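Read-outs throughout are calculated quantities, based only on the coordinates presented, and are distinct from any laboratory measurement. Just so it is clear, the structure is predicted and the values come from calculations on it, not from any experiment. Glycine also receives a Cβ, built like all others from the backbone with ideal geometry; neighbour counts cover every protein chain displayed.
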């Protein structure tokens, strides 16, 4: 049997063409083809794996001490029978600000539309089973958020979703960063950083915190009439919430979308999510709340809470790929 392979086709995106940050519209896609792909003509289910904030699709192939990369992990799961062979697609949705939240935004570009372009491309170029029942989307942190949003906003494309520690319950998970924003803006030249974040050195934790605030604001509250292309959700002097801007954030928060997208949530063949029980960004609070609300609405789901925080949780992909594979088979 032929071995698994990672191929990296370059995809030219119409959705990202002339995006507002001038980020590349031509990007490589990392695609895992399972063992045996070259030996027969059988079609395969697909899964789309989304990277977290400040990471790209090819980060899943990084070699870390005592850790498997995603190819090694899937090879092991397939060899053991815990996972059926599938095609895994890892797009690059990085922006100059560090991330896109996989949403369409006038401040960053049309990154959810880009995902949908990739789905069409993959179905055209590879032997997929091109239906929602055999197409999953998953990720961790911002990737988990993007996966969940794509699944509920496009249930005709994605029938399965796995969300690892994804952003939700914004009033909890972003509270610390937003509270620190007025202080950060006194320490950094915002215009210079947004224009060329690559020039900043060293990149301190405060730098990452400011870029995260900027990226989230660009994704959740874009404003083409603003000099910086977006609105901050808090007063940059007092830190007080700006209600009309905060409402735009809440409109993109999964826990506040349960009513509007209840039918989409209920239509999913698999709704799996998990979180560490002491997540540093309080994602576990949002995950608990969402599980509670789903149960109240009698929407089928699997929620697991594990001992740990937000980092060093790659082993949890064993759980999500196993659930995805079982659901594909069913």
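Values for this structure:
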{"read-out": "Region 136-174 and region 1-77: distance between their alpha carbon centers, rounded to Å", "value": "18"}
{"read-out": "When region 171-250 is reduced to its Cα atoms, the Kirkwood hydrodynamic radius in Å", "value": "12.9"}
{"read-out": "Residue order, fewest to most surrounding Cβ atoms within 10 angstrom, among 190, 210", "value": "190, 210"}
{"read-out": "Share of Cα-Cα pairs in the chain lying beyond 37 Å, as whole percent", "value": "14"}
{"read-out": "Cα-based helix-to-principal-axis angle, 283-296 vs the chain, degrees rounded to 10", "value": "60"}
{"read-out": "For 32, 121, 145, order by how many other beta-carbon atoms lie within 10 Å, fewest first", "value": "121, 32, 145"}
{"read-out": "Residue-span extension gain [residue 241 to residue 326] - 0.36 nm each, minus C-alpha spacing", "value": "26.2 nm"}
{"read-out": "Degrees separating the helix 205-220 axis from the principal Cα axis of the chain, which is the longest one", "value": "80"}
{"read-out": "Distance between modelled label sites at residue 80 and residue 67, nm, 7 Å Cα→Cβ extension", "value": "1.8"}
{"read-out": "Sorted by Cβ density within 10 Å, fewest first, the residues 289, 220", "value": "289, 220"}
{"read-out": "Ellipticity estimate at 222 nm from DSSP helix runs (n ≥ 4, -39,500 (n - 2.57)) divided over the chain, nearest 500", "value": "-11000 deg cm²/dmol"}
{"read-out": "Cut-off 14 Å, label 7 Å out along Cα→Cβ of residue 175, residues of region 259-295 by amide N", "value": "279-287, 289"}
{"read-out": "Segment residue 25-residue 288, length gained on full extension (0.36 nm per residue, minus Cα span)", "value": "90.9 nm"}
{"read-out": "Contour excess over end-to-end distance, with Cα ends at residue 41 and residue 186 and 0.36 nm allotted per residue", "value": "46.2 nm"}
